[in-house]
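Structure record follows, encoded as structure tokens.
The values are calculated or read from the model by the stated rules, or taken from the named source; none is laboratory data. Everything numeric here is computed off the predicted structure, so don't read it as measured data. Counting neighbours? That spans all protein chains shown, and the Cβs are built from the backbone with ideal geometry, glycine included.
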Ligand SMILES: Nc1ncnc2c1ncn2[C@@H]1O[C@H](COP(=O)(O)OP(=O)(O)OP(=O)(O)O)[C@@H](O)[C@H]1O
Ligand SMILES: [Mg+2]
């Protein structure tokens, strides 16, 4: 029996009902196990919003509650101003849903999949014939219109699932792991299509455990772990807040990494730690700028020890490397890169996003 929410008895504020999605203290329990543990977030209309987290974080469970296919244990939720538990059909009519696993009808052709799906929404056949052509063009599947689904590649199936979800011209598109399992080229084609939708004003809500996908597509995201929100912000903002501008990846060999970490920490601790939070170029998207390097300008923050390598967090990773070399340390490999959302996740949870 769904719990009656406070929303039923009190009128939601204008901001809340104007949001595409508003979730407050959302909880989902399966027996004694809590899959979603009191999360709150709001998605603005036209925004591209992400739930980034590892396997089992509660992303799909949250999506199912938004999509009116799973009940919530407690908390409040509005989708386009409607409560999915009270107004399921109305909510579903406004949403396009791309589930984690494609659920296309393998027996039907590509075009028939779109038309049949539209029939579930009670859309007229004439409208659907024209709409199917438009969506096949959008999904770059015109040449496969009469192929059976089982003959499509994984990337094509994913594009068809997205095309199908657009048949009712949804206000909000829910994408659960849109590109997981696809090869890099197929992922880029999909990102391009999703970017076009975003440009055209469709609200996108997506889950992913790929930080590059989150960085590519999300205006704003929440980092989710064990059913709770660890942080919220834009990709660049999260990196600025929770990491340094750059990272130096060093490999000394599996048996030496931990011991080397201690030595390097001591070496780097006195080299301009005060810079760590003052660098204005902390965004992964800001182009490189010429900043003088040298002693005192490393902006060292900390070192993470992974089984196969050390991650040295510093505003100026090249300067950190120079200092390490100057002290006579010789790593087997070294790599300087910008900080990413993976570093944010590691900092927040002590674990890697990819298991
Ligand atoms: N129907 C269910 N019954 C019991 N437990 C469930 C059910 N659905 C999900 N869970 C559990 O809830 C937790 C969250 O699952 P969920 O599918 O939401 O994670 P996720 O973040 O989508 O993970 P993934 O990245 O692997 O898709 C997991 O521990 C999962 O085992
Ligand atoms: Mg999932």
Q: Quickly run through region 296-355 and pick out the residues that are closer than 30 Å to residue 180 by Cα and part of a helix (DSSP H, G or I).
A: 341, 342, 343, 344, 345, 346, 347, 348, 349
Q.
Condition check: in the same structural domain as residue 58 (by TED's automatic domain parsing) and either farther than 30 Å from residue 301 by Cα or more than 16 Å from ligand 1 (Cβ to nearest atom) (or both). Does residue 169 satisfy that?
A. yes
Q | Condition check for residue 40: assigned by TED's automatic domain parsing to the domain that holds residue 170, away from ligand 2 (no atom under 16 Å from the Cβ) and either in contact (Cβ under 8 Å) with a residue 60 or more places away in the chain or within 28 Å of residue 236 (Cα to Cα) (or both) | A | yes
Q) Looking only at region 27-41, which residues are more than 8 Å from ligand 1 (Cβ to nearest atom) and either over 12 Å from residue 66 (Cβ atoms) or outside any strand (DSSP E or B) (or both)? A) 27, 29, 32, 34, 37, 38, 40
Q) Can you tell which of 114, 98 is in contact with a strand residue (DSSP E or B) (Cβ under 9 Å, 6 or more places away or on another chain), under 22 Å from residue 206 (Cα atoms) and either loosely packed, with under 15 Cβ neighbours inside 10 Å or touching a residue at least 24 places away in the same chain (Cβ under 8 Å) (or both)? A) 98
Q) Within region 312-327, how many residues are buried (at least 24 other Cβ atoms within 10 Å of the Cβ) and in contact with a strand residue (DSSP E or B) (Cβ under 8 Å, 6 or more places away or on another chain)? A) 7
(Q) Based on this model, can you work out whether residue 24 counts as part of a strand (DSSP E or B), in contact with a helix residue (DSSP H, G or I) (Cβ under 7 Å, 6 or more places away or on another chain) and surrounded by fewer than 22 Cβ atoms within 10 Å (Cβ to Cβ)? (A) no
Q | Of the criteria (1) part of a loop (DSSP other than H, G, I, E, B); (2) on the phi < 0 side of the Ramachandran plot; (3) within 18 Å of the chain's Cα centre (by Cα), which one residue 65 fails | A | (1)
